[in-house]
Amino acid sequence: MDLIKYFTPATSPSIIRRAIKYSIVVGTILIFINHGDSLLKGDIDKLKVIKIILTYSVPYIVSTLSSVQATIFSESKTE
């Protein structure tokens, strides 16, 4: 597996912007589903903060990987 082939599109500003947008929207929804009661009660500790950060990172990673795969697939079709 050629990591440069994957890393180059993953650092593209358009892919990064898209992934951040999806991460904010999807991550916020997931946080309210999974941690809404704790947030409303003010019951936040270090572990929950780590879980919240991870909750935002998952949709970012998924969006980035799917965009990279689509870019590579599209480029392979034009070659």
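Bear in mind that the values in this text are calculations on the coordinates, not laboratory data. This is a predicted model, so every value here is computed, not measured. Positions of Cβ are generated from backbone atoms using ideal geometry, with glycine treated the same way; all protein chains shown enter the neighbour counts.
Side notes on the structure shown:
- For the chain, the Cβ-based charge dipole about the Cα centre amounts to some 160 debye (Lys, Arg positive; Asp, Glu negative; other atoms uncharged).
- Matching label, percent of Cα pairs over 16 Å apart computed from the structure shown, candidates (1) 42; (2) 58; (3) 50: (2)
- Of the residues 64, 4, 29, the one whose Cα sits farthest toward the positive end of the charge dipole of the chain, with +1 on the Cβ of Lys and Arg and -1 on the Cβ of Asp and Glu, is 29.
- Mean residue ellipticity (222 nm) of the chain, computed from DSSP H runs ≥ 4 via -39,500 (n - 2.57), nearest 500: -31000 deg cm²/dmol
- Here the peptides 51-58, 71-78, 33-40 are ranked by packing, the mean other Cβ count within 10 Å, and the order with the highest first is 51-58, 33-40, 71-78.
- Proximal lysines to residue 51, defined as alpha-carbon separation beneath 24 angstrom and excluding residues fewer than eight positions away on the same chain: 21, 41
- Selection from 16, 54, 44, by position along the positive dipole direction of the stretch 3-78 (Cβ): 16
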